[in-house]
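This report refers to the structure that appears directly beneath it.
The values are calculated or read from the model by the stated rules, or taken from the named source; none is laboratory data. The shown structure was predicted, so the numbers you read here are calculated from the model rather than taken from an experiment. Using ideal geometry, Cβ is built from the backbone for each residue, glycine included, and neighbour counts are taken over all protein chains shown. For the accessible areas, the whole protein counts, side chains as well, though only heavy atoms, and no ligand, DNA or RNA atoms are used. Shrake-Rupley method; radii C 1.70, N 1.55, O 1.52, S 1.80 Å.
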Amino acid sequence: MDDVRGMVLLLPGLQLLIDLLREQGWTVVGPTVREGVVFHAEIESVDQLPRGVGDVQDGGSYRLSQRGDEAVFRYVVGPQAWKSLLFPSRELLWSGRRAGADMDVEPADIDAPRLALLGVRSCDLHALAIHDTVLAKRAVPDAAYVSRRENNFIIAVTCSDPGGTCFCVSMGTGPVPDKDFDLALTELLDQDGHRFLIQPGSESGEEILDELTTRAVGDEVLNAARADRQAAREVGEAAAHRMGRSLDTGGLRDLLYANAENPRWEDAASRCLACTNCTLVCPTCFCTHVEDVSDLSGTDTQRWRVWDSCFTHDFSYLHGGSVRSSVSSRYRQWATHKLASWVDQFGTSGCVGCGRCITWCPAAIDITAEVGAIRSGKV
Ligand code: SF4
Ligand code: SF4
């Protein structure tokens, strides 16, 4: 992005950006600290950002840490993927009311607030693009998802301190945002002070930058110097060399297809609790089921769509029984879908290397280790 226009914001400039977006009718959703994790919530002030907060992640382990500095974006992704805002875990599809022998059916109103998403990491941008393919580009698009995506303004952030379970470099999805954002920030914290290089990625982003420049009354918004761009480039390059995990993706699709009967699936299953955590935190998982509920009189009914998981016994229930009755068949299905059949189905891998499934697995099962074991033949 060296040839792209760039400005530098000081912390008051970041506040100016939040104020401007709010004035334009955007609800700004950004990182906050809640219940011991970095959690996306509505924010009005930079004081709500996780200042000086980092995190330590490993298989089955997540802890916030105190960095001892002023950084606000130097944590890694938390358990909550942006999909929880755009593709909610529970959504009303329609309501029905008995009318004699018939039923009146009302489709649910679509709730699509204007959301400005602040702090979106590159892996999660790629995950949004995957959901766009899955949910918006299919023959019958998901209308609620499409409405919500049309009402987004995205402020991406370059990752500076990747976590112990990150492997976006292996998946070609990070750590520097390269597409699908309106503005991109790189947080700089060096001898020249605490500041943010901000660059546009869309026409809307350009307009906001113009407005920021007009509004600035002091030095809270400055033109980026060559040194700022160089410092931002070094942040991304350093992050790329500090990935906590890696995954050899060479020939991966064919490797997994050829190993459907590999004993490693049983080994993983002997540790797997089939708890579904990995699928619920995954930013690309999209499986759901529907639930019908009716009142006691049988007059009113509602149909809800609820997140589901391929790790449950009932998810593959067809008439007469579950197709994947063993945990090993479910773990194999999940990993093989993510890394192999997703490519045939949607044209990309279904994994963006965010590491959430490793961090939030209570048994510390690690998709990179499981696939690595299959590749090495040391099961
Ligand atoms: S499979 Fe795991 S690492 Fe890959 S995108 Fe999903 S949660 Fe992230
Ligand atoms: S792999 Fe881990 S997170 Fe996923 S279902 Fe099994 S125990 Fe739960």
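Limited to segment 340-359, what total is found for residues that are more than 12 Å from ligand 1 (Cβ to nearest atom) and open to solvent by 20 Å² or more (accessible area, probe 1.4 Å)?
Quick first cut of segment 340-359, residues more than 12 Å from ligand 1 (Cβ to nearest atom) only: 340-341, 343-347.
Add one more test, that the residue is open to solvent by 20 Å² or more (accessible area, probe 1.4 Å), and what stays is 341, 343-347.
Result for segment 340-359: 6.
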- Sole residue being under 15 Å from the mean Cα position of the chain (by Cα) and of a type outside the set (D, E, K, R), chosen from ALA143, ALA127: ALA127
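Among the residues of segment 307-317, how many are assigned to a helix (DSSP H, G or I), away from ligand 2 (no atom under 13 Å from the Cβ) and either modelled with pLDDT of 95 or more or open to solvent by 50 Å² or more (accessible area, probe 1.4 Å) (or both)? First the steps, then the outcome.
Within segment 307-317, the subset assigned to a helix (DSSP H, G or I) is 313-316.
Now drop any that are not away from ligand 2 (no atom under 13 Å from the Cβ), which leaves 314, 316.
Checking which are either modelled with pLDDT of 95 or more or open to solvent by 50 Å² or more (accessible area, probe 1.4 Å) (or both) leaves us with 314.
Of the residues in segment 307-317, 1 are assigned to a helix (DSSP H, G or I), away from ligand 2 (no atom under 13 Å from the Cβ) and either modelled with pLDDT of 95 or more or open to solvent by 50 Å² or more (accessible area, probe 1.4 Å) (or both).
Which members of segment 337-347 meet the condition of being assigned to a helix (DSSP H, G or I) and either out of contact with any Gly (no Cβ under 7 Å at 6 or more places or on another chain) or away from ligand 2 (no atom under 12 Å from the Cβ) (or both)?
Start the filter on segment 337-347 by keeping residues that are assigned to a helix (DSSP H, G or I), which leaves 337-346.
Within segment 337-347, HIS337, LEU339, ALA340, SER341, TRP342, VAL343, ASP344, GLN345, PHE346 meet the criteria.
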- Note on the structure: Flagged in segment 322-339 as away from ligand 1 (no atom under 16 Å from the Cβ) and polar (S, T, N, Q), in numbering order, are SER322, SER325, SER326, SER328, SER329
- When residues of segment 203-252 are filtered for being farther than 19 Å from GLU187 by Cα, assigned to a loop (DSSP other than H, G, I, E, B) and at pLDDT 95 or above, how many remain? 8
- Query: For segment 212-227, which residues satisfy the criterion of being among the charged types (D, E, K, R) and surrounded by fewer than 17 Cβ atoms within 10 Å (Cβ to Cβ)?
  - Reply: ARG215, ASP219, ARG226
- Kindly check whether there is at least one residue in segment 318-332 that is open to solvent by less than 50 Å² (accessible area, probe 1.4 Å), away from ligand 2 (no atom under 14 Å from the Cβ), over 23 Å from the mean Cα position of the chain (by Cα) and not polar (S, T, N, Q). yes
- Query: Out of the residues in segment 278-301 that are within 24 Å of ASP109 (Cβ to Cβ), open to solvent by 40 Å² or more (accessible area, probe 1.4 Å) and in contact with an Asp or Glu (Cβ under 7 Å, 6 or more places away or on another chain), which is nearest to ligand 1 (Cβ to nearest atom)?
  - Reply: THR288
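Residue-by-condition table, conditions (1) assigned to a loop (DSSP other than H, G, I, E, B); (2) more than 16 Å from ligand 2 (Cβ to nearest atom); (3) not hydrophobic (A, V, I, L, M, F, W, C):
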site: PRO50; (1), (2), (3): yes, yes, yes
site: ALA71; (1), (2), (3): yes, yes, no
site: PRO88; (1), (2), (3): yes, yes, yes
site: LEU117; (1), (2), (3): no, yes, no
site: HIS126; (1), (2), (3): no, yes, yes
- Query: Residues in segment 234-247: is at least one more than 16 Å from ligand 2 (Cβ to nearest atom) and over 27 Å from the mean Cα position of the chain (by Cα)?
  - Reply: no
- Query: Of (1) touching a Leu at 6+ places or on another chain (Cβ under 7 Å); (2) open to solvent by 30 Å² or more (accessible area, probe 1.4 Å); (3) assigned to a strand (DSSP E or B), TRP94 satisfies all except one. Which?
  - Reply: (1)
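Out of ASP124, ASP55, ASP142, report the one residue that is within 23 Å of ILE208 (Cβ to Cβ), surrounded by 17 or more Cβ atoms within 10 Å (Cβ to Cβ) and touching a residue at least 40 places away in the same chain (Cβ under 8 Å). Can you show your working first?
Details: ASP55 fails: within 23 Å of ILE208 (Cβ to Cβ); ASP142 fails: within 23 Å of ILE208 (Cβ to Cβ).
The match here is ASP124.
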- If we keep only residues of segment 360-372 that are farther than 24 Å from VAL120 by Cβ and within 15 Å of ligand 2 (Cβ to nearest atom), then the residue most open to solvent (accessible area, probe 1.4 Å) is PRO362
- List every residue pair whose Cβ atoms lie under 7 Å apart, where the two residues are 6 or more positions apart in sequence or sit on different chains, the first residue falls within segment 348-359 and is within 13 Å of ligand 2 (Cβ to nearest atom), and the second residue, located anywhere, is open to solvent by 10 Å² or more (accessible area, probe 1.4 Å) and in a helix (DSSP H, G or I). ARG356/VAL281; CYS357/CYS278; CYS357/VAL281
- Task: Kindly establish whether ASP161 is open to solvent by 30 Å² or more (accessible area, probe 1.4 Å) and under 23 Å from PHE196 (Cβ atoms).
- Result: yes
- Query: Could you say which residue among GLU211, GLU207, GLU234, GLU220 is of a type outside the set (Gly, Ala, Ser), without any contact (Cβ under 8 Å) to a residue 40 or more places away in the chain and over 17 Å from PHE73 (Cβ atoms)?
  - Reply: GLU207
